[in-house]
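The values are calculated or read from the model by the stated rules, or taken from the named source; none is laboratory data. This structure is a prediction, so every number in the text was calculated from the model and none was measured. Cβ atoms come from the backbone with ideal geometry, glycine included; neighbour counts cover every protein chain shown. SASA here: full protein model, heavy atoms, side chains in, ligands and nucleic acids out. Shrake-Rupley method; radii C 1.70, N 1.55, O 1.52, S 1.80 Å.
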Amino acid sequence: MKIARPLAFLRKDLQVTTSYRLAFGMQLLGIAFTLTLFYFLSKLIDQTMNPYLGKYGGDYFSFVLIGVALSNYLSTGLNAFSSRIRDEQVLGTLEAVLATPTRFSTYLLSSAIWSFLWASFQILIYLLLGVLFFGLEMEHPNLPAALLFLGLTVIAFSSLGILAASFILVLKRGNPVNWVFTSLSRLLGGVYYPVMILPAWLQKAAWVIPLTYALEGMRMALLTGAGIGELKKELAALLIFTAAALLLGILSARFAIRKARQDGTLGQY
């Protein structure tokens, strides 16, 4: 992939985003409101009486902040590719784009760069504001381990996003991948509460969701300084899921493009 094309996509998306300054500022303000909301909610939880938070350091605000911040990657991964495909279909430019020498994979990956950079920037703002103004406690965070989990999380969610985009190419409307993973991940993945609080049968379901392993690894690395050796179970599970999702995403994208071209429905919506 030539670097000039991804950079061109990135420059265009940056110009579009920053040209709507009010929307840009409101998104940043939304992070501050979210932090404030969970900060006051955390005051309702007695840390000394809650055994579920003990392994994460005992502070609910730190626990939920990492959950909310990392779940942004889930939304970004699932929506970045399918939204771009949908926009190009509605604008009637998808066939024109694919008629250019630019490969579909280059176009798809380049079009999502800005979304992931923006999600990363938001996570940074979450953590920075949390530490400076809300007492986020991260004693001796293990940054290499956290970055490893973050990298795998981005690849896993991006692969699911490509799978979701494939459904849009074929079905046009209705995206079961987004619905299933967004709903189940937020309910069972441990974004707002520890998985251990769920009934035993739901805990089993939670441990087949990639977000559960991503959040467990990130929290343990950032809040308790756990190393890769201590997180090998979560790391192995996330690696397996990432490899499977990547393979599925690539195969589904190839199938969807071929089918849409054969049916002549590439530009329909």
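List of remarks:
- Looking across segment 237-269, just one residue is modelled with pLDDT under 85, among the aliphatic types (A, V, I, L, M), farther than 14 Å from Ser105 by Cα and assigned to a helix (DSSP H, G or I), and that is Ala260.
- Residue in segment 172-191 that is assigned to a helix (DSSP H, G or I), open to solvent by less than 30 Å² (accessible area, probe 1.4 Å) and over 28 Å from Thr106 (Cα atoms) present: yes
- Annotation note: Cβ proximity below 7 Å between a residue of segment 120-139 that is touching a residue at least 12 places away in the same chain (Cβ under 8 Å) and a residue that is part of a loop (DSSP other than H, G, I, E, B) and aliphatic (A, V, I, L, M) (sequence gap 6+ or interchain) occurs for Leu127/Leu136; Gly130/Leu136.
- Flag if Val195 is without any contact (Cβ under 8 Å) to a residue 40 or more places away in the chain, open to solvent by less than 50 Å² (accessible area, probe 1.4 Å), out of contact with any strand residue (DSSP E or B) (no Cβ under 6 Å at 6 or more places or on another chain) and more than 21 Å from Ile113 (Cα to Cα): yes
- The set of residues in segment 218-235 that are small (Gly, Ala, Ser) and assigned to a loop (DSSP other than H, G, I, E, B) comprises Gly225, Ala226, Gly227, Gly229.
- Residues in segment 131-158 that are part of a helix (DSSP H, G or I) and in contact with a Phe, Trp or Tyr (Cβ under 7 Å, 6 or more places away or on another chain) were compared, and the one that is surrounded by the fewest Cβ atoms within 10 Å (Cβ to Cβ) is Val154.
- Search result, residues across segment 188-217 that are within 15 Å of the chain's Cα centre (by Cα) and among the aliphatic types (A, V, I, L, M): Val191, Ile209, Leu211, Ala214, Leu215
- Per-region count, segment 221-242, residues within 19 Å of the chain's Cα centre (by Cα), open to solvent by 60 Å² or more (accessible area, probe 1.4 Å) and not β-branched (Val, Ile, Thr): 1
- Among the residues making up segment 208-217, a single one is in a helix (DSSP H, G or I) and either open to solvent by 20 Å² or more (accessible area, probe 1.4 Å) or among the basic types (Lys, Arg) (or both): Tyr213.
- Test: residue in segment 163-172 that is in contact (Cβ under 8 Å) with a residue 24 or more places away in the chain and closer than 28 Å to Ala221 by Cα: no
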